[in-house]
Structures are given as structure tokens and as C-alpha cells.
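The structure appears below as C-alpha cells.
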Amino acid sequence: MDNQKTSPKAARTTLTQHAMLVVWGLYAQQIGLMDRLMQIKLKQKSRFHQPQTKLLEFFVAMLAGLPHLQDVSRSAHPLDQDGAVAEAWKQPAWADYSGVSRTMQQISAAEADAVIAALEAIEQPFIEKELALACQRSGHLVYDLDLTGRPVSSTSTSYPDTAFGYMGDTVSLGYQAALVSMHSPSYGRLWLANQLHPGDTVSVTEAQALVRAAERRTALRPRRRVEQVALRLQAAEVQCQMALERMTESEDRLIAVKAQLQQTSTDLQSWRQQAYTFEAEYQREQRQPTDHCKLARARRKVLTYQQRLPRCQATLATAERRCQRHLANLNEIESNLEHLRSHHQQLESDNVTNPHPVRVILRIDAGFASRENIEWLIEMGYDIYTKSRSSTVREALQASLSPETLWQRVGGNASLTAWPDTTVKDYFTYPLNVALAHYQLGDASRHSVLLHHGDDDVTNDLAAWFHTYNGRQTIEAGIKEGKSVFQMHHLKVRASQALRLQEHFACFAANFVRFAASWLASQQPQAAFVNTKSVKHMVQVCAHTSAWVTHHGDVWLLKFTDHSLYAGHSLRIGNGPFQLPLPLERNFHFQHF
């Protein structure tokens, strides 16, 4: 690495191959990232580098979009040899990638929790500002939920808690990352929460947990629809009473059948005894039985009760099965009723402790949209835009079509027809706005079902409905950004807590870059020559661009080299007097930040 050093009183100049990482380091100082991480206690030995600084180095490697952890030390321009970047991030030097790897492997669950809490604390003021701004501008918040695969080699045995599951269009070994993003007026998209699961996890099981995570993170929630739950509670109580009556009737019937069986057994035993007695008497007296004698009568009675006994036993078995079935049904209904009562009480409590509810629009794909999840989300107060995952619903809507059905074109190859406030033949618990979408794909066509519940009058503006739902492509773009820009399709670590931290670092990096871009843009007196609107450009280009870095006091000057994309441009960060080292090679184009 080339270095230029001047006298102690002059500015110090260093060459960096990672110009934007220097800028981001200065921004990280401003928001206190390094200070927060250094306050975390990690039970690891320190020789040349503290474990906290190696965590920071891992994060910087993610900001640089390095595919593999070894690229920290083994790339064309090793990050761990870049003194300017280390100085900007308040580090005397960077560790070799092997040391970073060992530190990540040894992170405990409690330590990972502390790191995640520190990252969330840094993001929280920005998120709260965006939440307030979104409510002020549009009167509501918009959340998107999704699940994305993190595949590993199908023969790998060194990754913990992996499982085979659908990732894209194939079955792969690995993990599933569950993600929540919010629409941000200032930044476009911000990540709110993420959770890492085994690869066989499916979307339908994660909807409620992700909504809870978003509410925890934002400390905001909509007004719970307790009136809807109250109606269900009333119906459930009636159902429970009916089940109790059926159970009582079954028990009474069982008691009667048992009594009948007992009586039959007693009568059979009694008549057998009489028959034995009469036979002995007839033998002593050497009498021959006739058709109507007492012995013949006793024998007929024994035969009658012998034939009746298996019928009584079969009747008893049927009564027992019926009673068991009614008991299981009653237990299930009582359990559901108790759950519903608890759910109702919780929602009432939520409303009492939520004096300022907000309207929240939730956009989810069909994988999350089970009948039970839709029911729960409605009761939790959310406005829902989703697609149906049920072929039963689609087929019922298709069967109701006629030549008079009106279709409205909403896209290049898409048309909609809609039904307001329908349960689709009682498939759904609550009425929904339902639309059947028809897509023409060359000579072929297919259908899907859009579902909506909320305040928007979507059935009178089908195009807006269609495009609002498809607006959830923003989270799909975020997932793609994570994989292609922050290289999340390469898992850099193998320990469970390290993998968990990598997910959080990736989401934090995406938010961090946006925060930093806004900071840069707001500080400039003129239009930026750096494309700060593109995260991909800043990571893949600007973070790998060479510049001369001059640091004097609180002022930093980055002069891009002749071999960089921004040759001839400079960035100045900080305030105060600044003396350039002489001689000047060319005039500087200052931009103040």
C-alpha cells in the first residue's frame, strides 16, 4: 500500500481502494456504531485485536459486498490492509479474516442478542422518524412480509439446523429467512425484522410471528377489531353449549346401554342357572322335556339372552365411540373457546394500552394467506392485500363466471373481475373483497385470486387494487439486493449464532447505506456526482473506488484518483480549517458535507 506522510503538523495522506467505506466509517462515528459495539462484553480473549473490532470488521466486509469472508484478506485489494478505512472506522488496524471467523464462531446467544439490540438501538431513531413521516403523509403504514431461502451445499454437514425445503423452484438444503420491511417516505424501504429458520419452514407458519416482530420493533399497532372477535365468541359459546348437550345425551345413552348390558348378562346367568337346575331335576325324575315345559322355556330364555348379549356389547361399543367422539369434540370446542376468550381479552387490553392506533396495510403473498392467518390478521386490525392459496376459492369463483361477467384490464396481460364483501360460500370467516385475475400468457391463460380487507374501496378501482398488491415487489427487490449486493447467497459463517448475526448485519447494512446516503445528500451544497440513490452502485462501485484520503483534525478530504470512476472529484467531510499537503497535483473540486 502506498502512503504519503508529511510532517506531524501537516495533514496525513493515505491511498485507499475503498473510498465509500471511508465515508461510511465517518458516518458510523457520527451515529455511534463503534462506541455501542465496544460497550458489548464478549467472553473472548484479545491478543492483537479485540473481539468487538472483529465484529465490526465483519460488518464492514458486508458493506463492501465481499462474497466470502476470506476476501477480507485474499482479494485483489485486501480490506485488512487498507489503513484509511481502518482509521475512518476508529481502528488501529484490521484483523486477518481467520481471526474474524473464529470470533464469529464463538459468539454465544446472549452476546448475539446484545449485538442485535445495539444495532436496533442505532436504527430506532431513523425508523421512528419514518413511521411518523409515513403517518403524516399518507395516514397509514405499509408492511411487507416474505420468506427467502438461504441454500447451502446439499451434501454439507457443517451447517447447524439445516433442512431441505423449497427455495425458489427447487428443493435445497439450507435455511429460510423470514423478513419484514416497511415503506419509507425518505428511504423507499427499511428492514424492520428478520428471523432465521430451518429450510423446511413454510410461510404460513411465520405470518403471526413476523407481525408480532414488526409491532415490537415499531411500538405501533392498529386498533384491534374486538367487535369481530366478540361475535365469534358468542357463536363459540352457543356451539359449546350444543356440544355439551350432545355430550350429556351421549353419556346418558352410554349409561343406559351399560345398564342394559348388565341386565342382559344378569338375566342370561339367571336363566342358565335355572336351566341347569331343571335339567338336573328332569334327570333325577327321568322326565322328558316337552315344548312348553319349564326346562324348554328356560332353554329358550338362555338362547334369547345369548343372542341379545353380543348386540348389547356392539351397542355399548358404538355408544362408547360416540361418547368419546363427542367428548373430544367438546374438549376441542372448549379449548378453542378458552383460546378465543383469552384472545378477546388480549385484544381489549391492547386497545386500552394503545391510545393512538395507526392504520397498517399488510401486503403478503399467498404462502402466508391461510384462512386462519387471514382471520387472525383481520382481528388484529390490519388492512390486508394478499392472494388466496386455496384452489377451492378459485374454482368457486370460476364456476360463478358467466358470459355477462365484466372484466377490467389492469395490466398488459391481466384483467380483473371482483365481488365485494363475500365469504366465498362461507370459506372465509369474515367477508372479504375478492377478485379473480385472468392472465393471458400467449395462447395459454391462468387465474389467481386477490383478497382484500380494509378501508380502501378496492372493488371500485380494480387497477389501484392490482398495483397496490404488486407494490410488494419492493420487498422482493430488497431480498434480491441482499443476495446480489450484500452477498447473502454466500453464507460466510457456520455457527448458529453467527448465521443469525449475519442476517441482522445484512438488514442493518441495507438500512445503514440508505441512512448514510441521505446524510451525504443533505450535506452537499450542490448536486452529488456520486449516485447515492443506488445502493448497488455505492456498494459495488463506490466502495471499491480508489482515492487519496487526507485527514487533518476533524476534517477529511477524499480526492479520487485518476484511475477511479470519479477522477478529478473530491469530497470534504467535516468542518474547520484545512491545509493541503503541497505541491498540489491539480485543482480540487470541493463538496462540503
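The values are calculated or read from the model by the stated rules, or taken from the named source; none is laboratory data. Note that this is a predicted model, so its numbers are computed, not measured. All Cβ positions, glycine included, derive from the backbone under ideal geometry; neighbour counts span all protein chains shown.
Observations on the model:
- Matching residues in segment 1-26 - criterion: being at pLDDT 95 or above and more than 17 Å from Gly83 (Cα to Cα): none
- Listed by position, the helices (runs of 4 or more DSSP H) enclosed by segment 81-142 that each have at least 1 residues that are modelled with pLDDT of 95 or more and within 30 Å of Arg223 (Cβ to Cβ) are 109-138.
- Residue match in segment 139-154 (condition: of a type in the set (Ser, Thr, Tyr) and free of Cβ contacts under 8 Å to residues at least 24 places away in the same chain): yes
- Members of segment 193-216 found to be surrounded by 18 or more Cβ atoms within 10 Å (Cβ to Cβ) and either of a type in the set (D, E, K, R) or modelled with pLDDT under 95 (or both), listed by number: Glu206, Glu215
- Enumeration of residues in segment 27-74 that are aliphatic (A, V, I, L, M), part of a helix (DSSP H, G or I) and buried (at least 20 other Cβ atoms within 10 Å of the Cβ): Ala28, Leu33, Leu37, Leu55, Leu56, Val60, Ala61, Met62, Leu63, Val72
- If you check Ala275, Ala235 for being at pLDDT below 95, farther than 30 Å from Glu334 by Cβ and of a type in the set (Gly, Ala, Ser), only one passes: Ala275.
- Within segment 414-436, being among the aliphatic types (A, V, I, L, M) and under 26 Å from the mean Cα position of the chain (by Cα) holds for Leu432, Val434, Ala435.
- Which listed residue, of Phe529, Phe512, is modelled with pLDDT of 85 or more and out of contact with any strand residue (DSSP E or B) (no Cβ under 8 Å at 6 or more places or on another chain): Phe512
- Residues in segment 435-458 that are in a strand (DSSP E or B), over 18 Å from Arg472 (Cα atoms) and not hydroxyl-bearing (Ser, Thr, Tyr): Leu436, His438, Gln440, Leu441, Ala444, Arg446, His447.
- Qualifying residue in segment 358-374 (condition: touching a Leu at 6+ places or on another chain (Cβ under 6 Å) and free of Cβ contacts under 8 Å to residues at least 60 places away in the same chain): no
- A single member of Ser184, Ser153, Ser158 is surrounded by 19 or more Cβ atoms within 10 Å (Cβ to Cβ) and outside the structural domain of Thr386 (by TED's automatic domain parsing), and it is Ser184.
- Taking segment 357-401 as the range and being surrounded by 23 or more Cβ atoms within 10 Å (Cβ to Cβ) and of a type in the set (S, T, N, Q) as the test, the residues that pass are Thr386, Ser388.
One line per residue, one yes/no per condition, for (1) surrounded by 14 or more Cβ atoms within 10 Å (Cβ to Cβ); (2) polar (S, T, N, Q):
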position	(1), (2)
Leu432	yes, no
Ala444	no, no
Leu451	yes, no
Asp455	no, no
Thr459	yes, yes
Leu462	yes, no
Thr468	yes, yes
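- Screening Glu404 with (1) charged (D, E, K, R); (2) out of contact with any Phe, Trp or Tyr (no Cβ under 9 Å at 6 or more places or on another chain); (3) surrounded by 18 or more Cβ atoms within 10 Å (Cβ to Cβ) gives one miss only, at (3).
- In segment 460-502, the residues that are part of a helix (DSSP H, G or I) and among the aromatic types (Phe, Trp, Tyr): Trp465, Phe466, Tyr469
- Among the residues of this structure, Glu334 does not count as one that is of a type in the set (D, E, K, R), in the same structural domain as Ala464 (by TED's automatic domain parsing) and more than 30 Å from Leu220 (Cβ to Cβ).
- Any hit, segment 272-286, residues being buried (at least 17 other Cβ atoms within 10 Å of the Cβ) and in contact (Cβ under 8 Å) with a residue 60 or more places away in the chain: no
- Some residue of segment 297-307 being in contact (Cβ under 8 Å) with a residue 60 or more places away in the chain and hydrophobic (A, V, I, L, M, F, W, C): no
- Evaluated against (1) hydrophobic (A, V, I, L, M, F, W, C); (2) in contact with a helix residue (DSSP H, G or I) (Cβ under 6 Å, 6 or more places away or on another chain); (3) surrounded by fewer than 15 Cβ atoms within 10 Å (Cβ to Cβ), Val513 falls short on exactly one condition, (3).
- Filter result for Thr353 (modelled with pLDDT under 95, out of contact with any Ser or Thr (no Cβ under 8 Å at 6 or more places or on another chain) and at negative phi): no
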